[in-house]
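Inspection log for the structure reproduced underneath, given as structure tokens.
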Amino acid sequence: MAELVRLEERLSRLREEYFRKNRSVDEERKIVYKAAVKIQSWFRGCRVRAYLRYLSKMVILIQKWWRGYQSRRYFREETKTAYFIMKMNFYNEMAVRIQKTWRGYYVRKYTHNYYALKKYLEAISLNNEIVRNELQEYAEMNEMEKKKKDLEKKEKEKKYKARKMHYLLSTVQIPGIYNSPFRKSPDPMELLLQQSKPFSHSQQRVKSPFTYDLYDWPTCKRPPTFPTGKPLPPIGRQKPQGPFRDTDEVLRQRYKPLEPTLRVAASFSSPLEKAREEMKKEEWGKYIHENEFLPFSSYHRNKKYELSIHASEKKGNETYGVKHFREVQPNKWIAGKMNCPAREKEG
């Protein structure tokens, strides 16, 4: 019995040892398997990479030889084409140069004579110079004549003014306005007044040839000019009061051209106004009332009265027979002073 018990205890230990040895063997086998797989994969990868490098080298070599062959063939054809094109361009250039030389020779000899054209242009330039000088002389002569006429006109105007204003001549007792005591020498107008002869009574009524009527101003035929002479030196007297406007400004405002408005400028009997009147008449003649009149109907009886915008009173349908038919407003009656509401408000 003791041996049996000892064998049973040993059997359990044998089982554990057997399990441990089997597990260690399995683990070693897995490690060896993984190492073998890794070695095989590395070897196969090296072999495949070497084979791929060999293939790429062979491909590159084949492509290099083929592209070289294609390039040499292409450049041989291109050089032949370029040589042919260069040859044709050279021939074309030579042909153009020969044509240009021949056409220039033909035109110079038969179409345009250079020396004859040169003589013609020289004659034209000489004629233009003569005409230009004559025109310059003519313009200068006209300008001199115009200046001479202007001077004569101004002299005539001065003489006319002197004869017309002869009453401003200085006398022994009273000095004239042109003989100012502040001047060292008399004014040239004073000397001209002394030399001129005054107008008679009949000659003064005749209109001056150097003046123009103010009625021409609205038509703007001639712009108005106002005297802008040099003022006389100041006189030692008291200055007049008030800011007075300039005489030229007052005259411009007084005689300024008429500028009528469009209503005044347009004629009442113009075609536009007549057309408007005819259109109004046609519209009133063609006007049709939209509300149809029904004599034996009560359609409009109950219709409310529409108040106007400007109406201030309330209106509506009033019944007949009431005591007060009309509205009575005693406040609006005209009464005495005490009953007047307006005066009461003022008070």
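The values are calculated or read from the model by the stated rules, or taken from the named source; none is laboratory data. What you see is a predicted model, and the numbers here were worked out from it, not measured in a lab. Here the Cβ is made from the backbone with ideal geometry for all residues, glycine too, and neighbour counts use every protein chain on show. Protein only, heavy atoms only, side chains kept; ligands, DNA and RNA dropped before computing areas. Shrake-Rupley method; radii C 1.70, N 1.55, O 1.52, S 1.80 Å.
Taking all protein chains together and rolling a 1.4 Å probe, I39 ends up with roughly 110 Å² accessible. For S170, the residues whose modelled amide H falls within less than 5 Å of its own, excluding neighbours fewer than 5 places apart on the same chain, are G176. Note: relative contact order over the range 56-196, using C-alpha pairs below 8 Å and six or more positions apart, is 12 percent. Using a Förster radius of 41 Å, what is the FRET efficiency between Y114 and K87 based on their Cβ-Cβ separation? Nearest 0.05, please. Efficiency at R0 = 41 Å is approximately 0.65. For E9 and V48, a Förster radius of 56 Å and the Cβ-Cβ distance give a FRET efficiency of 0.40, rounded to the nearest 0.05. For the range 13-25, putting each phi into the Karplus relation 6.51 cos²θ - 1.76 cosθ + 1.60 with θ = phi - 60° gives couplings of 5, 5, 4, 4, 5, 4, 5, 5, 5, 4, 5, 5, 5 Hz, in residue order, rounded to whole numbers and with x for Gly and Pro.
Close amide-amide hydrogen proximity is noted between D187 and S180, each under 5 Å apart and 5 or more residues distant or on a separate chain (H modeled in the peptide plane; Pro and chain starts excluded).
Residue-wise HN-Hα couplings along the range 188-200, as the Karplus relation 6.51 cos²θ - 1.76 cosθ + 1.60 with θ = phi - 60° gives them from phi, are x, 5, 5, 5, 5, 5, 5, 7, 8, 10, x, 6, 7 Hz; Gly and Pro carry x. Surface calculation, 1.4 Å probe, protein heavy atoms: W66 sits at approximately 140 Å² accessible. Across the range 99-113, rounded Karplus estimates of 3J(HN,Hα) from the backbone phi angles (6.51 cos²θ - 1.76 cosθ + 1.60, θ = phi - 60°) give 5, 4, 5, 5, 5, x, 5, 5, 5, 5, 8, 10, 8, 10, 8 Hz, Gly and Pro being marked x. Pairwise inverse Cα distances across the range 45-193, averaged and inverted, put the Kirkwood hydrodynamic radius at 28.1 Å. In the complete set of protein chains, residue-level accessible area for Y105 is approximately 100 Å², probe 1.4 angstrom. Calculated FRET efficiency, K158 to T247, Cβ-Cβ distance, R0 = 22 Å: about 0.55 to the nearest 0.05. Distances between every pair of Cα atoms in the range 46-102, grouped in 10 Å steps from 0 to the bin holding the largest one, split as 20, 21, 17, 14, 12, 9, 6, 2, 0 percent.
Sorting L169, L4 on solvent-accessible area from highest to lowest, probe radius 1.4 Å, gives L4, L169.
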